[in-house]
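The values are calculated or read from the model by the stated rules, or taken from the named source; none is laboratory data. Fair warning: this is a prediction, and the values are worked out from it, not measured in the lab. Cβ atoms come from the backbone with ideal geometry, glycine included; neighbour counts cover every protein chain shown.
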Amino acid sequence: MFDFEKLDLYQVIREQNTKVLKFILEHGDIDSFIREEWKKASFNIVLNLAEGTGRMVNIEKKSFFTNARGSVFEAVAILDIAHQLELVDKDTFQDFYDGYEKISKMLLGMIRSYSQQ
(Lines give C-alpha, C1' and ligand atoms only; values in the text may rest on other atoms or scores of the structure.)
Protein backbone atom coordinates (compact mmCIF):
# COMPACT_ATOMS: atom_id res chain seq x y z
CA MET A 1 0.00 0.00 0.00
CA PHE A 2 1.29 3.46 -0.91
CA ASP A 3 1.52 6.14 1.77
CA PHE A 4 -1.16 8.37 0.21
CA GLU A 5 -3.65 5.48 0.27
CA LYS A 6 -3.37 5.39 4.07
CA LEU A 7 -4.55 8.98 4.44
CA ASP A 8 -8.13 9.73 5.50
CA LEU A 9 -7.90 12.67 3.10
CA TYR A 10 -7.26 10.33 0.17
CA GLN A 11 -10.37 8.35 1.04
CA VAL A 12 -12.46 11.55 1.16
CA ILE A 13 -11.05 12.75 -2.18
CA ARG A 14 -11.62 9.36 -3.77
CA GLU A 15 -15.24 9.32 -2.64
CA GLN A 16 -15.79 12.89 -3.87
CA ASN A 17 -14.16 12.20 -7.23
CA THR A 18 -16.22 9.06 -7.72
CA LYS A 19 -19.46 11.00 -7.16
CA VAL A 20 -18.40 13.92 -9.36
CA LEU A 21 -17.05 11.79 -12.20
CA LYS A 22 -20.15 9.57 -12.22
CA PHE A 23 -22.28 12.71 -12.38
CA ILE A 24 -20.24 14.16 -15.24
CA LEU A 25 -20.30 10.89 -17.19
CA GLU A 26 -24.05 10.48 -16.70
CA HIS A 27 -24.77 14.04 -17.87
CA GLY A 28 -23.42 14.18 -21.39
CA ASP A 29 -25.44 17.33 -21.96
CA ILE A 30 -22.94 19.38 -19.94
CA ASP A 31 -20.83 21.59 -22.20
CA SER A 32 -17.66 19.74 -23.18
CA PHE A 33 -15.36 22.52 -21.95
CA ILE A 34 -17.02 22.60 -18.52
CA ARG A 35 -16.99 18.80 -18.38
CA GLU A 36 -13.29 18.48 -19.27
CA GLU A 37 -12.14 21.28 -16.97
CA TRP A 38 -14.14 19.82 -14.08
CA LYS A 39 -12.66 16.37 -14.65
CA LYS A 40 -9.18 17.88 -14.87
CA ALA A 41 -9.61 19.84 -11.63
CA SER A 42 -10.95 16.74 -9.85
CA PHE A 43 -8.09 14.55 -11.01
CA ASN A 44 -5.53 17.21 -10.13
CA ILE A 45 -6.69 17.19 -6.51
CA VAL A 46 -5.90 13.51 -6.04
CA LEU A 47 -2.83 13.48 -8.28
CA ASN A 48 -1.19 16.37 -6.41
CA LEU A 49 -1.95 14.70 -3.09
CA ALA A 50 -0.38 11.45 -4.28
CA GLU A 51 2.68 13.12 -5.77
CA GLY A 52 3.19 15.36 -2.75
CA THR A 53 3.00 12.40 -0.40
CA GLY A 54 5.78 10.75 -2.39
CA ARG A 55 8.14 13.71 -2.08
CA MET A 56 10.95 13.58 0.45
CA VAL A 57 11.45 17.31 1.04
CA ASN A 58 8.81 19.07 3.14
CA ILE A 59 8.76 22.25 1.05
CA GLU A 60 7.98 20.12 -2.03
CA LYS A 61 5.24 18.27 -0.15
CA LYS A 62 3.70 21.58 0.90
CA SER A 63 3.82 22.85 -2.69
CA PHE A 64 1.93 19.84 -4.04
CA PHE A 65 -0.66 20.02 -1.26
CA THR A 66 -1.10 23.74 -2.01
CA ASN A 67 -1.60 22.90 -5.69
CA ALA A 68 -4.18 20.26 -4.72
CA ARG A 69 -6.07 22.89 -2.71
CA GLY A 70 -5.94 25.26 -5.68
CA SER A 71 -7.56 22.53 -7.77
CA VAL A 72 -10.30 22.23 -5.15
CA PHE A 73 -11.02 25.94 -5.54
CA GLU A 74 -11.04 25.51 -9.32
CA ALA A 75 -13.53 22.62 -9.05
CA VAL A 76 -15.78 24.70 -6.77
CA ALA A 77 -15.77 27.58 -9.26
CA ILE A 78 -16.75 25.18 -12.05
CA LEU A 79 -19.44 23.62 -9.85
CA ASP A 80 -20.85 27.08 -9.12
CA ILE A 81 -20.98 27.97 -12.81
CA ALA A 82 -22.64 24.63 -13.63
CA HIS A 83 -25.19 25.29 -10.89
CA GLN A 84 -25.88 28.81 -12.17
CA LEU A 85 -26.44 27.35 -15.65
CA GLU A 86 -28.88 24.86 -14.07
CA LEU A 87 -26.72 21.91 -15.09
CA VAL A 88 -26.50 20.85 -11.44
CA ASP A 89 -29.54 20.82 -9.17
CA LYS A 90 -29.52 22.41 -5.71
CA ASP A 91 -29.13 19.16 -3.72
CA THR A 92 -26.30 17.86 -5.90
CA PHE A 93 -24.61 21.26 -5.76
CA GLN A 94 -24.73 21.26 -1.95
CA ASP A 95 -23.47 17.68 -1.70
CA PHE A 96 -20.52 18.37 -3.99
CA TYR A 97 -19.83 21.75 -2.37
CA ASP A 98 -19.73 20.21 1.12
CA GLY A 99 -17.33 17.52 -0.09
CA TYR A 100 -14.99 20.07 -1.64
CA GLU A 101 -15.13 22.20 1.51
CA LYS A 102 -14.15 19.22 3.67
CA ILE A 103 -11.25 18.40 1.33
CA SER A 104 -10.09 22.02 1.36
CA LYS A 105 -10.04 22.12 5.16
CA MET A 106 -8.16 18.83 5.39
CA LEU A 107 -5.58 20.01 2.84
CA LEU A 108 -5.17 23.28 4.70
CA GLY A 109 -4.38 21.30 7.85
CA MET A 110 -1.70 19.36 5.98
CA ILE A 111 -0.25 22.54 4.47
CA ARG A 112 -0.08 24.19 7.89
CA SER A 113 1.59 21.13 9.41
CA TYR A 114 4.40 21.41 6.85
CA SER A 115 4.68 25.16 7.47
CA GLN A 116 5.57 24.53 11.11
CA GLN A 117 8.43 22.15 10.35
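For this structure, a couple of remarks:
- The listed residue being under 15 Å from the mean Cα position of the chain (by Cα) and farther than 19 Å from Val12 by Cα, out of Arg35, Arg55: Arg35
Residues checked against (1) over 15 Å from the mean Cα position of the chain (by Cα); (2) modelled with pLDDT under 95; (3) surrounded by 17 or more Cβ atoms within 10 Å (Cβ to Cβ):
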position: Arg69; (1), (2), (3): no, no, yes
position: Phe73; (1), (2), (3): no, no, no
position: Glu86; (1), (2), (3): yes, no, no
position: Lys90; (1), (2), (3): yes, no, no
position: Phe93; (1), (2), (3): no, no, no
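- Single residue of the range 31-51 satisfying the filter (in contact (Cβ under 8 Å) with a residue 40 or more places away in the chain and crowded, with 19+ Cβ neighbours inside 10 Å) that is farthest from Gly109 (Cα to Cα): Trp38
- Selection of first residues in the range 78-101 that are over 21 Å from Tyr10 (Cα atoms) and of second residues that are of a type in the set (Ser, Thr, Tyr) and surrounded by fewer than 21 Cβ atoms within 10 Å (Cβ to Cβ), restricted to Cβ pairs under 9 Å at least 6 apart or on distinct chains, gives the following pairs, ordered by first then second residue: Asp80/Tyr97; His83/Thr92; His83/Tyr97.
- Complete set of residues in the range 57-87 that are touching an Asp or Glu at 6+ places or on another chain (Cβ under 9 Å) and assigned to a loop (DSSP other than H, G, I, E, B): Leu85, Leu87
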